[in-house]
Amino acid sequence: MSNLLFGHDEAVAEWVAAQPFGQKFHAPYTTIGVISNERLTGGFVFTSYTGPSVNLSLAGRGVLAPTIWACVLDYVFVQMKCVRLECHTSKANKMVRRCLPHLGFKFEGTARRLYGDNDGYSFSLTIDDLPAFRKRWRI
């Protein structure tokens, strides 16, 4: 069983950044951590908030659980009042590239040299995608 961790933005951001394909985050950002067996095992970092949109970085175990996503979506689309959730990943990160479409994110294109020498892939989930997302994941 996993629990969510709020209010520990720096610790969660540092943990996510330390994972493979991670990158350092610069304030301002907010986070949601995933705790299992009293240890941080996953995390979500929200950056580049513009009002209608926010960027998401995620890593670790537990981040694909439907109950966790119900909270993440509530945070983004209800509390933050965004209409768009963006996620970028390195072209080399095959696991995230496979998982995002499975979750319902739409592939938008390639961001050349987004990670220095490496290209990135851009995905999004909009408020219009939520009914299908919730139905598919029963949340």
Subject >> When residues of region 47-69 are limited to those that are at pLDDT 90 or above and surrounded by fewer than 17 Cβ atoms within 10 Å (Cβ to Cβ), the one nearest to ALA17 (Cα to Cα) >> reply: SER48
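State whether one or more residues within region 66-75 are closer than 27 Å to ILE127 by Cβ, part of a loop (DSSP other than H, G, I, E, B) and of a type in the set (A, V, I, L, M, F, W, C).
Residues of region 66-75 that are closer than 27 Å to ILE127 by Cβ, as a first pass: 66-75.
Okay, now just the ones that are also part of a loop (DSSP other than H, G, I, E, B), so none.
No: zero hits.
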**OP:** Give region 23-57 a look and list any residue that's out of contact with any Lys or Arg (no Cβ under 6 Å at 6 or more places or on another chain), over 20 Å from GLY120 (Cα atoms) and in contact (Cβ under 8 Å) with a residue 40 or more places away in the chain, or say none.
**Re:** ILE32
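Looking only at region 83-103, decide whether some residue is of a type in the set (S, T, N, Q), modelled with pLDDT under 90 and under 18 Å from PHE133 (Cβ atoms). Steps first, answer last, please.
Quick first cut of region 83-103, residues of a type in the set (S, T, N, Q) only: 89-90, 93.
Narrowing further to those that are modelled with pLDDT under 90: 89-90, 93.
Of the ones still in play, those that are also under 18 Å from PHE133 (Cβ atoms) are none.
No; the residues of region 83-103 include none that is of a type in the set (S, T, N, Q), modelled with pLDDT under 90 and under 18 Å from PHE133 (Cβ atoms).
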**OP:** Restricting attention to region 70-115, report how many residues are in contact with a His (Cβ under 7 Å, 6 or more places away or on another chain) and exposed (fewer than 13 other Cβ atoms within 10 Å of the Cβ).
**Re:** 0
Original post:
Taking region 76-119, which residues are outside any helix (DSSP H, G or I) and charged (D, E, K, R)?
Top reply: LYS81, ARG84, GLU86, LYS91, LYS106, GLU108, ARG112, ARG113, ASP117, ASP119
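The values are calculated or read from the model by the stated rules, or taken from the named source; none is laboratory data. These numbers were taken from a predicted model, which means no experiment stands behind them. For neighbour counting, all protein chains shown are included, and Cβ atoms are generated from backbone atoms with ideal geometry for every residue, glycine included.
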